[in-house]
Each structure stands twice: as structure tokens, then as C-alpha cells.
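Before any comments, here is the structure.
The values are calculated or read from the model by the stated rules, or taken from the named source; none is laboratory data. Not measured: the values here are computed from a predicted model. Don't worry about glycine lacking a Cβ; one is built from the backbone with ideal geometry, like all the others, and counts go over all protein chains shown. Each accessible area value is taken on the protein alone, full model and side chains, heavy atoms only, with ligands, DNA and RNA left out. Shrake-Rupley method; radii C 1.70, N 1.55, O 1.52, S 1.80 Å.
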Amino acid sequence: MAEPARSDCWFCRYCIDFQPQELQITLLDIHQESLDRLDLIIQALDVSDYIKTIQCTDILKWDVPIKEYDIVVSETMMAMLMNEPQVSIFRHLIPALKDTGCLVPQQVVLDTWLIPNSKDAQPHHIGNVFTLSRDTAKALSQQEVPHIKSSFTIPFYEGHSADLRHTTHIQAYGEHWLTDNQCSLNLPLTMANADPEPNATLTATYHFTDFPCFSFDYPKHKNHIKENSLLPDHLDTNALALPYLKRL
């Protein structure tokens, strides 16, 4: 008897190794239209036995069960964790995770770099601004008013002008990482002509608002040059993570 054709769907390939009583999934979304389409996909793939429940809800208002789930998955983010509530969602859902469970993505690593605007200058790694992980999500969940703040010393650099570049590297699971320019979530964000004062303090603060983001506070170089005549590289992105625009 011929073997059944193997599905190209990752969900179906995963379910092959589990019976419905071994794998149950809760699906949450704030948009009913998305859930209506999802239901069609579930029926088409014939995996409804694996679905525990589907709810249309604001996840940040969802009544979280304690230590019920082995895996919590959410991709509600942009580069540098701005504009979308990935941090708040993991902070809210972390109590639902079992002691042996994991978040997916496992880590979102945010770093800041100094890029001097001089010939042959090498980037300077200023530091890790924040890493969203199981540990940091748990720590945030224990704060009545969540806060994320970090400070660094700006390294010395030649000349008077330098950019600040912020990178987002994502550990989806295990050895699977997304790094610079591999998708829209990994577009480096550049603050052109930031010109921070060497040896001064740079402070990064995350704002938990409807459109969350980091702000960066630092003193300007004493000889700050307002205009920069160097033509940016075509892959340099502006503060909205749009490539080509700076060069244009």
C-alpha cells in the first residue's frame, strides 16, 4: 500500500508525530476576520481535532491560566520592538507557561552600535539595549509598573560625526536565528548624524505606550556638525527602517 503524500504544511508535518490527545492548541486574535480565515484553513487541513479553543480577544485583557501551556508563540513586533506590543504580550502571557515551557521566539536581542562617519572607521558595539526572553518577560510580569532602562558609556571615536545604529536579532528556536536584513524585523535602524559626545552616557528607555518604542538620550558632540555631506549607503535605513530612502 502506497504511503500517503507528505504535506508541505509545517503544522501537518508536526502533527504527524502527535495524536490529538497529546497536542492541543489555543488560538487567540483580536480580529474576527483573521479567525474566520483561520477556521477555513483548519478545516482544509483537517486538523480541527488539535484545536482546543479559538477566541477573538485582546490578548492583553485575556484571563491567563497559570502554568497550563508548554509553548507560547507570538509574533507581534517590528524592528527594535517598536510600535507593536510584543513585550507587553509576553509579559502578560508568561504566567501561562509551565516551568519546563518556552517562548517562541526564544529571544529578541537589541543592540546599539556607533558608526563613525570617517573613512575606514569600524563600528563600535555600545551594548545590549534589551533582550526579550523568558527570564526578562517573567521579571517584567512581576513589576507593578513595567520599566526597561539601560545606560552605556559612548566610546571614543575619531572625528566629530557618527551615526547610531540599532540592530534586532531574533532567536526563533534553538539554532534558528534571524539577523541583519534577513527580514523586515531585522532591518537595522539608523539615527544619522547622532554625533554623541565620546565618554558620555547614553540612556535607552522603553516606553510602554499604544505605540511602544525606545528613546535614546545622550549629549551631542561639542563639535556637532548639523549637515553631513557623505552619501549614505543604499542599504542604510532611516528611523522607520526604510532602505534606500536615506540615500535618495
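Data table
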| read-out | value |
| --- | --- |
| Interchain or long-range residues, amide H under 5 Å from ALA200's placed H | ILE154 |
| Relative frequency of Cα-Cα separations exceeding 18 Å in region 120-248, percent | 62 |
| Burial order of peptide ranges 137-146, 195-204, 81-90, 31-40 (average beta-carbon count within 10 Å, highest first) | 81-90, 195-204, 137-146, 31-40 |
| Additional length obtainable on full extension of the chain from GLN143 to THR209, 0.36 nm per residue less Cα span | 22.1 nm |
| Carbon plus sulfur fraction of accessible area for region 121-202, probe 1.4 Å, in percent | 52 |
| In sequence order, calculated HN-Hα J values of region 156-171 (Karplus, 6.51, -1.76, 1.60; Hz; x Gly/Pro) | 6, 8, 6, x, 10, 10, 7, 8, 10, 10, 10, 10, 10, 10, 10, 8 |
| Estimated dipole of the chain in Debye, rounded to 20 [Cβ of Lys and Arg +1, of Asp and Glu -1, Cα centre] | 720 |
| For region 97-164, accessible area per residue (1.4 Å probe, heavy atoms of protein chains only), Å² | 52 |
| Max mean-square fluctuation residue, GNM over the chain, Cα-Cα springs under 10 Å, options PHE211, PHE152, PHE18 | PHE18 |
| Amide H within-cut-off set for THR237, under 5 Å, with H built and near neighbours excluded | THR190 |
| Furthest towards positive pole of dipole, GLN171, THR57, GLN43, structure part the chain, Cβ charges | GLN171 |
| From phi via Karplus (6.51, -1.76, 1.60), per-residue ³J(HN,Hα) for region 106-111 in Hz, x at Gly/Pro | 6, 9, 10, 9, 10, 10 |
| Which of CYS183, THR203, LEU235, positive extreme of dipole for region 134-239 (C-beta unit charges) | THR203 |
| Positive-end residue of GLY159, ALA192, SER215, charge dipole of region 122-248 with Cβ unit charges | SER215 |
| Residue-by-residue Karplus 3J(HN,Hα) for region 21-26, coefficients 6.51, -1.76, 1.60, Hz, glycine and proline x | 6, 9, 9, 10, 10, 9 |
| For the chain: relative contact order, % (alpha-carbon pairs under 8 angstrom, 6 or more apart) | 15 |
| Over 22 Å (Cα to Cα) - which of LYS67/LYS138; LYS67/LYS149; LYS52/LYS98; LYS61/LYS98; LYS61/LYS149; LYS149/LYS220 fall in this group | LYS67/LYS149; LYS61/LYS149 |
